[in-house]
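The values are calculated or read from the model by the stated rules, or taken from the named source; none is laboratory data. Please read these numbers as outputs of a predicted model, since none were measured by experiment. For neighbour counting, all protein chains shown are included, and Cβ atoms are generated from backbone atoms with ideal geometry for every residue, glycine included. For accessibility, only protein heavy atoms count, side chains too; no ligands or nucleic acids. Shrake-Rupley method; radii C 1.70, N 1.55, O 1.52, S 1.80 Å.
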Amino acid sequence: MTPLEVAANGFATISILLAGRNSGHIWWTGIVGCLLFTWLFFLARLYADVTLQVAFIVTSAVGWWWWARGAVGAPAPVRHARRTLLFGLSALSLGAAIGYGAMLHAFTDAYAPFIDSFVLVLSLFAQLLLVRRLIETWPIWLAVDTIAVPLYASRGLYLTSARYAAYWINACYGWWRWRREAASC
């Protein structure tokens with residue numbers, strides 16, 4: 001465990017806990033954590049996760065704006081995603097994960113390129129739903145956390161692995177809370 005891993009995990013944990021509580025401070029704390037994780041994952045040869053952190057920085061900036069302003073100047077409401085959106089993103093995610101994993105396998109010294117690619121693609125899927133405050137973000141985060149825990153542990157990133165195990169619990173809480181909030185609207 002390095003100081004870099006501790007700092008990255010600290011900021012990321014604050015961000016994820018804030019997401020479960022539906023707080024707009026998720027975004028700036030997440031950006032700081034992602035910047036730190038970019039370097040950590042590069043050092044661990046988890047290149048799909050490096051790509052993911054860059055994508056998280058971009059989507060966090062968009063999410064910050066969306067959550068603060070929404071579509072009409074008020075915070076966007078929590079709601080359900082359309083089935084067609086979920087189906088389309090699922091199919092796209094499967095293809096993208098296999099394709100990116102194949103590219104990493106062929107052209108880099110990436111560790112577990114296909115598993116790492118599934119963490120990347122499913123995280124982007126979940127992040128897109130999170131930005132739009134769609135409840136279905138949470139079961140996808142549960143899948144990401146389930147895959148990420150053993151992946152990070154296998155690279156000796158035990159604190160990061162433990163954080164993802166805790167995120168699993170937070171995703172359950174976020175799913176419960178967001179469903180409750182949507183039902184009250």
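If the condition is being assigned to a helix (DSSP H, G or I) and either among the hydrophobic types (A, V, I, L, M, F, W, C) or modelled with pLDDT of 90 or more (or both), then region 61-80 contributes Ala61, Val62, Trp64, Trp65, Trp66, Trp67, Ala68. The set of residues in region 157-185 being surrounded by fewer than 16 Cβ atoms within 10 Å (Cβ to Cβ), touching a residue at least 60 places away in the same chain (Cβ under 8 Å) and not in a helix (DSSP H, G or I) consists of Cys185 alone. Of all residues in region 3-39, those satisfying the criterion of being open to solvent by 70 Å² or more (accessible area, probe 1.4 Å) and of a type outside the set (A, V, I, L, M, F, W, C) are Pro3, Arg21, His25. Among the residues of region 113-153, those that are outside any helix (DSSP H, G or I) and either charged (D, E, K, R) or touching a residue at least 60 places away in the same chain (Cβ under 8 Å) (or both) comprise Arg132, Arg133, Glu136.
Figure legend. Inter-residue proximity from region 100-112: first residues under 16 Å from Ser123 (Cβ atoms), second residues at pLDDT below 95 and polar (S, T, N, Q), beta-carbon distance below 6 Å, spacing 6+ or different chains. Indicated pairs: Tyr100/Ser117; Gly101/Ser117.
Going by the structure shown, is Pro113 over 22 Å from Leu18 (Cα atoms) and open to solvent by less than 70 Å² (accessible area, probe 1.4 Å)? Spelling it out, Pro113 is indeed over 22 Å from Leu18 (Cα atoms) and open to solvent by less than 70 Å² (accessible area, probe 1.4 Å).
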